[in-house]
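Working notes for the structure below.
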Amino acid sequence: MTGVRVVQQYERGVVFRLGRVRGSVREPGLTLLVPMLDRMRKVNVQVVTMPVPAQEGITKDNVSVSVDAVLYFRVVEPIRATVDVQNYSFAMLQVAQTSLRSIIGKSELDDLLSGREHLHQALEVMLESPAAGWGVHIDRVEIKDVSLPDSMKRSMARQAEADRERRARIITADGEFQAAAKLAEAAGMMAEAPAAMQLRMLQTVVEVAAEKNSTLVLPFPVELLRFFEASTARLADGAAAAAPAPTVPPQTPTVPPQAPADGS
């Protein structure tokens, strides 16, 4: 019974007879081998998840980073994966490391942090060429983490804070601009209808009185003061025009007294 072998569903069998590979790959199930002549090597065809250790490098914009990735691949040609390469898993790991270093040198920091999709595609293209010669298919490769120096993290934090502050100031200024435009429009409407100012003032008084305050400050419109001033001036001018002219009493000529004659 030593010539009977079992191949699992997730495996394929590569049979060597006297050192030479048999033409066909043994499928899952029972496999009969010729004792003392055949030797079978099983190859796992499941998807392999291989973590790529962190690789340090300098990006295109001269930033020192450490990047690690994860590689997903599977064997599609068991004979080539067994004969053409000594250890296809170790070979894929080494190619993934060198390709990752190459990608770091060709990319900028912003691409590593936010634009990773095209980096994943570039890594996959770089790995497909050697993997095809080893009977391996690359399912996907992704950058997992990007480590930055502490100084760069602080610089990016300051930059993000400054950008948020800039946007907050722009939003505040835009709100003030819109409020000023609406106030100017409201002032124009109130100038055409003076009664609107009084109504608005009464509405403000109602809103303030609803707060149950002990002190109520009542604003006095400047237009009303100007109205009272103009009315007072018109009344003063009318009174001055209606007053009679002052009469001057007749003056009686005064005769100087006569001096007495001498000897009288």
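The values are calculated or read from the model by the stated rules, or taken from the named source; none is laboratory data. Note that the structure is predicted; figures quoted are calculated from it, not measured. Neighbour counts run over all protein chains shown; Cβ positions are idealised from the backbone, glycine included. SASA here: full protein model, heavy atoms, side chains in, ligands and nucleic acids out. Shrake-Rupley method; radii C 1.70, N 1.55, O 1.52, S 1.80 Å.
Work out, step by step, the length gained on full extension between residue 161 and residue 87: first 0.36 nm times the residue separation, then minus their alpha carbon distance; give nm to one decimal.
Details: separation 74, 0.36 × 74 = 26.64 nm, distance 4.99 nm.
In short, 21.7 nm is gained.
Report the Cα centroid-to-centroid distance between the stretch 60-81 and the stretch 98-125 in angstrom, as an integer.
11 Å
So, in Å, what gap is there between the alpha-carbon centers of the stretch 189-204 and the stretch 11-32?
98 Å
If the reach is capped at under 24 angstrom between alpha carbons, list the lysines near residue 182, excluding any in the same chain fewer than eight residues apart.
By straight Cα distance, residue 182 reaches no lysines at all.
Averaging sequence separations of C-alpha pairs under 8 Å and six or more residues apart, then dividing by the length of the stretch 63-209, give the relative contact order as a whole percent. List each step's numbers first, then the result.
On the way: 107 pairs, mean separation 48.6, N = 147.
Computed value for the stretch 63-209: 33 percent relative contact order.
Pick out, from 136, 120, 149, the residue whose Cα sits farthest towards the positive end of the charge dipole of the stretch 98-169, with +1 on the Cβ of Lys and Arg and -1 on the Cβ of Asp and Glu.
Checking the options against the dipole of the stretch 98-169, the answer is 149.
Leaving out ligands and nucleic acids, note down the accessible area per residue over the stretch 1-105 with a 1.4 angstrom probe, in whole Å². Working shown, then result.
Working: 6100 Å² over 105 residues.
Per-residue accessible area for the stretch 1-105 comes out at 58 Å².
Within 12 Å, Cβ to Cβ, of residue 143, how many net charges do the neighbouring residues add up to if Lys/Arg are +1 and Asp/Glu are -1?
Values: positive: 116, 140, 144; negative: 68, 111, 117, 124, 142, 145.
That sum, taken over residues with Cβ under 12 Å, equals -3.
Taking the Cβ-Cβ separation of residue 54 and residue 190 as r and a Förster radius of 51 Å, what is the calculated FRET efficiency to the nearest 0.05?
On the way: r = 69 Å, r/R0 = 1.34.
Efficiency at R0 = 51 Å is approximately 0.15.
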